[in-house]
Every structure is written in structure tokens, then in C-alpha cells.
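Sharing a structure with you now.
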Amino acid sequence: MNLKLRIWRQKNSGAKGYFQKVDAKGISPDMSFLEMLDVVNEELLAKGEEPVIFDHDCREGICGACSLVINGVAHGPERGTTTCQLHMRHFKDGQIIVIEPWRASAFPVLKDLAVDRGAFDRIIQAGGFVSVGAGGAPDGNAIPVSKNSAELAMDAAACIGCGACVAACKNASAMLFVAAKVSHLAALPQGQVERAARVERMVAQMDQEGFGNCTNQFECQAVCPKEIGVWFIAKMNKEYLKAKICQ
Amino acid sequence: MCLKFLKSSVGRKYLMAVTGVFLLGFVVAHMLGNLQIFLGPEALNSYAEHLQNLPALLWPARAVLLGAFILHVGVSISLAIENRRARSIPYACGATVEASYASRTMVMSGLIILAFLIYHLLNFTFGVTHPRFFHLVDAKGRHDVYSMVILSFRELPVSGAYVAAMGLLCLHLSHGISGLFQSLGLAGAMPALKRAGAVIALVIFAGNSSIPLAVWLGWLKAVGGGSVE
């Protein structure tokens, strides 16, 4: 396959970016999108040009490192798929592909397609954890968890924190991410002690980071590679109200 | 503490939803009141007079509505400004996967409805735009709301503007109603709520637009030929 790429290039956070036209030639339809970019980078290097910087790690769709807005859609055209698991067979030969970084003021571009997702880390630091007494490993099943709670927690915990929800949201809101993290721990007995403080602190941190506000458009769930549902946002809204009332 | 809640992103969602419920309640009650025009001049004019004679009910209701309205508009503007700031560099190649047209045009439809509302108040509440229809009195000496509405709607630009505004209101409500359940944390079955939002919005559009339409089609006629010239 041959593709016409339009790749966002930006030297650093302060620099002005631009689209570079790059032709990707001889791409196998069985390659992943990132492997296609690897090929492009090899060619750029061979020509003595700077390779395109993009985030990636596990390339198995479970780490949340990869990103990229491909033709306007976070993680590309396939639903429930991360960019690293997106294969070139979903594109047409000769197609123009526009590749942009996550666009959000809270996710500043570091270089080219890599953005700083530290805002998510700070939200997790604000409350996305449970405090436990240190010591030996606890016995398995020492704390009973009902099947429903376990399923609910797992559905929310599927969030890999990639930030596609923010990238896709028309308002660059981080509500789906925060909702998944809040709901995950609120569903488990271990999360009960800090339940109210957690949602308050995480929402406060989210607001402080400069994310936008949710307007119930649900672009987030459409692009979420783990298909986390927006009903978790409804759940977080309720959690937040309850926390404020009980205060 | 309460202020902090209301200032947060989630708190303002609740504010938008709760004030939206008040405004929706008003829109429904207003429509039901107006539909009495189909029962004839006696029903509508006596209803209007009854409302005017209940200042203990009318003014608190107006105050609550005005408060809800100012909050709804004010908060939405603050949210819209923040949302724009949250993505300072837009996508060169933006795409929409799931967001409905209504949801993407809420600010615009809301602002046009606001402009229409001002016109509507000037027209029927303050009698500024059509003063010659405003001071009509029926046989019993009451404010002749029935004739005022019909004579106003006989003018095509006026009734056209009303129907167009109701179309926008329908668009605004179709997203607003389904969204408010989500915002209030009540969304269990989203597809059903989404449909409910669209159905309620369409009923409101049909109900309100039926009045100018009936005037056009000549089903509603002013008493005594309705000529004031």
C-alpha cells in the first residue's frame, strides 16, 4: 500500500507546528499503524531527517501509551481499538491520512505527536488510590467482593488512561477518565473509606488542570479503546453530589 | 462549601440540569395554557384573567423562572468560554463520531431562543412590537388575548418567526432533556432517555406551532372578523 500522510510536526511545546507531507510507500496491510510510522521514520532517518516522535509502549493495546488522532478520530476509525492495534488494512491504498496529536490545553504537545499527559497522573495522585496498611500480602479472598461489584469495578478499571476521551470530546473534558477511576474504586469494599474525599479531590484536580466541561455529547465513549460507557459519568455525578451533601 | 460545589464542573452540570427542568416545566405549562385558544375566546381570556388575578402565585413563579433563566444562560456561557479555552488549538481535520447535531449547536440554538424570547415578551407581554393588537378588550372588558394572538399570527413574518423559533427550541430540548438525566446521575437506560427527549421536544414543537398554523389555515379566526384597521 502507498499512503499520503499529513503529519503534525512541532519542535517543542513553545514552537509553532505545521503539517509535513510524507509519502509512505510499500506498506503491508498487516502492519499496525505504529509499524507503518516506524517504516516512515526509518526512511526519514535514512534521508537524514528527524523522525516523527510519537508515544508507544506495549503495542498490545493494554498500556495506554499510544495516542494519535487519525483523520479526526482518536485512535483511528476502528471502534474499541488503540492505535497500536489498528491495522493498515482498514485504510485504502493511496488514501490521505491526517495525523494529529491529542488536542487539549491540559495536554500540551511535547514534540510532534507526543503530548504531556501528566494532568492524568496528578488527578490520580489527588485521589485515585486506596490507602492500605503496609505489611505482608493479604490473604486472597480475605475481603469478600460480590460478583456484581467485581464486574462493575472491572468494567471501570478497564480504562488504560490513554486520554482518547479528552482528545475526542468537543470540549476536551476529562470526565470519562475521572468517572472510570472514581467508579472503579467506589465499587469495591477497599475503596469505601476514602470514597467521598476521592471524588471531591479528583474532580477538583480535574477542574484545576484546565480540562473542559462535559456536555453529554458522548464522543468519549465512541472512541474509548476499552469502550467505557458514559453511564460511569452519570455515576460520578451522583457520587460527587452525595459526597458534597454528606460533607 | 455549597459555592465550591456549584462552581465545580460537576456542580454546574447539576445547575444546568435543574434550571433546565424549571424552564422545561414552564414551557410545558405555557403551551398547555396557550392551547386553550382552541377552546375559544372565552376559555383563553378567562384563563389569562385568572392568571393576572393571582399575583401571589404569578410573581413568585416569575421570580423563580427569571432566576432559573439567568442561571441557565449565565452558567452555559461560562462553560462555553471554558470549553473553548480547554482546546486552544483546534483539530485541522475534526470529525464527529457520535455527537448529535443538536448537542453540537446548543449554545447557538440557546442564544437564538434567547433573542426570540425577548421579541416574544415585547410582542405579547409588554405590547411593544404590535401595540395595536395589545390593547384590545373583549365583550366582558377583559384583555382580549385571543384576538391579540390571532391578529399577530396573521402576519406571515411573525408566525414564521414563531414556528422557526419553536423548531430551534425543539432541537435544543431534544438534547437538553436526554442530557439532563445523565447530568443528574439518573441515566440508567440511555437509548430510552434519548428517545424520550426527542419525543417530548417534538410534542412541544407540534403543540406550540399548531397555533400559528391554525391561524394560517383559517381554523382560528378573530371574533367578529377580527379586523382592527
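As an exercise: evaluate A:A179 against (1) modelled with pLDDT of 95 or more; (2) surrounded by fewer than 24 Cβ atoms within 10 Å (Cβ to Cβ); (3) more than 7 Å from chain B (Cβ to nearest Cβ) and give the number of the one condition it does not meet.
The failed condition is (2).
Go through (1) modelled with pLDDT of 95 or more; (2) closer than 28 Å to B:L71 by Cβ and name the single condition B:V128 misses.
Single failed check for B:V128: (1).
Quickly run through segment B:84-119 and pick out the residues that are outside any loop (DSSP other than H, G, I, E, B) and free of Cβ contacts under 8 Å to residues at least 12 places away in the same chain. Spell out how you get there, then give the answer.
Restricting attention to segment B:84-119, the residues satisfying the condition of being outside any loop (DSSP other than H, G, I, E, B) are B:84-86, B:101-104, B:106-119.
Of everything in segment B:84-119, those that are outside any loop (DSSP other than H, G, I, E, B) and free of Cβ contacts under 8 Å to residues at least 12 places away in the same chain turn out to be B:R84, B:R85, B:A86, B:R104, B:M108, B:L111, B:A115, B:L117, B:I118.
Step by step: first the residues of segment A:237-247, then only those that are more than 7 Å from every other protein chain (Cβ to nearest Cβ) and hydrophobic (A, V, I, L, M, F, W, C), then the one that is surrounded by the most Cβ atoms within 10 Å (Cβ to Cβ). Which residue is that? Spell out how you get there, then give the answer.
We begin by selecting, within segment A:237-247, every residue more than 7 Å from every other protein chain (Cβ to nearest Cβ); these are A:239, A:242-243, A:245-246.
From the residues that got through so far, the ones that are hydrophobic (A, V, I, L, M, F, W, C) too are A:243, A:245-246.
Numbers: A:A243: 21, A:I245: 9, A:C246: 8.
Among residues in segment A:237-247 that are more than 7 Å from every other protein chain (Cβ to nearest Cβ) and hydrophobic (A, V, I, L, M, F, W, C), the one surrounded by the most Cβ atoms within 10 Å (Cβ to Cβ) is A:A243.
Here is a follow-up. If I go through segment B:83-114 residue by residue, how many of them are touching a Ser or Thr at 6+ places or on another chain (Cβ under 7 Å) and more than 7 Å from every other protein chain (Cβ to nearest Cβ)?
Count: 3.
Could you tell me whether A:A150 is within 21 Å of A:V199 (Cβ to Cβ) and out of contact with any Gly (no Cβ under 8 Å at 6 or more places or on another chain)?
yes
Scanning segment B:1-51 for residues that are away from chain A (no Cβ under 14 Å) and of a type in the set (D, E, K, R), which turns out nearest to A:T215 (Cα to Cα)? Let's see the steps before the verdict.
Residues of segment B:1-51 away from chain A (no Cβ under 14 Å): B:19, B:21-51.
In the following step, the residues that additionally are of a type in the set (D, E, K, R) were identified as B:42, B:49.
Numbers: B:E42: 44, B:E49: 41 Å.
Only one residue fits best here, namely B:E49.
Same structure, new question: Considering segment A:195-229 alone, what residues qualify as being in a loop (DSSP other than H, G, I, E, B) and either within 10 Å of chain B (Cβ to nearest Cβ) or at pLDDT below 95 (or both)? Write out each step before concluding.
Of all residues in segment A:195-229, those in a loop (DSSP other than H, G, I, E, B) come to A:209-211, A:213-218, A:224-229.
Correct list: A:E209, A:G210, A:F211, A:N213, A:C214, A:T215, A:N216, A:Q217, A:F218, A:G229.
Which one of A:E60, A:E43, A:E50, A:E78 is more than 14 Å from every other protein chain (Cβ to nearest Cβ), in a loop (DSSP other than H, G, I, E, B) and in contact with a strand residue (DSSP E or B) (Cβ under 9 Å, 6 or more places away or on another chain)? Quick ask: steps written out before the conclusion?
Values: A:E60 fails: in contact with a strand residue (DSSP E or B) (Cβ under 9 Å, 6 or more places away or on another chain); A:E43 fails: in a loop (DSSP other than H, G, I, E, B); A:E78 fails: more than 14 Å from every other protein chain (Cβ to nearest Cβ).
After ruling out the rest, the residue left standing is A:E50.
Take segment A:9-46 and flag every residue that is hydroxyl-bearing (S, T, Y) and over 21 Å from A:L86 (Cα atoms).
Matches in segment A:9-46: A:S13, A:Y18.
Tally time: how many residues in segment A:63-75 are more than 14 Å from every other protein chain (Cβ to nearest Cβ) and either β-branched (V, I, T) or over 13 Å from A:I99 (Cβ atoms) (or both)?
Residues in segment A:63-75 being more than 14 Å from every other protein chain (Cβ to nearest Cβ) and either β-branched (V, I, T) or over 13 Å from A:I99 (Cβ atoms) (or both): 3 in total.
The values are calculated or read from the model by the stated rules, or taken from the named source; none is laboratory data. Everything quoted here is computed from the prediction, not taken from an experiment. Counting neighbours? That spans all protein chains shown, and the Cβs are built from the backbone with ideal geometry, glycine included.
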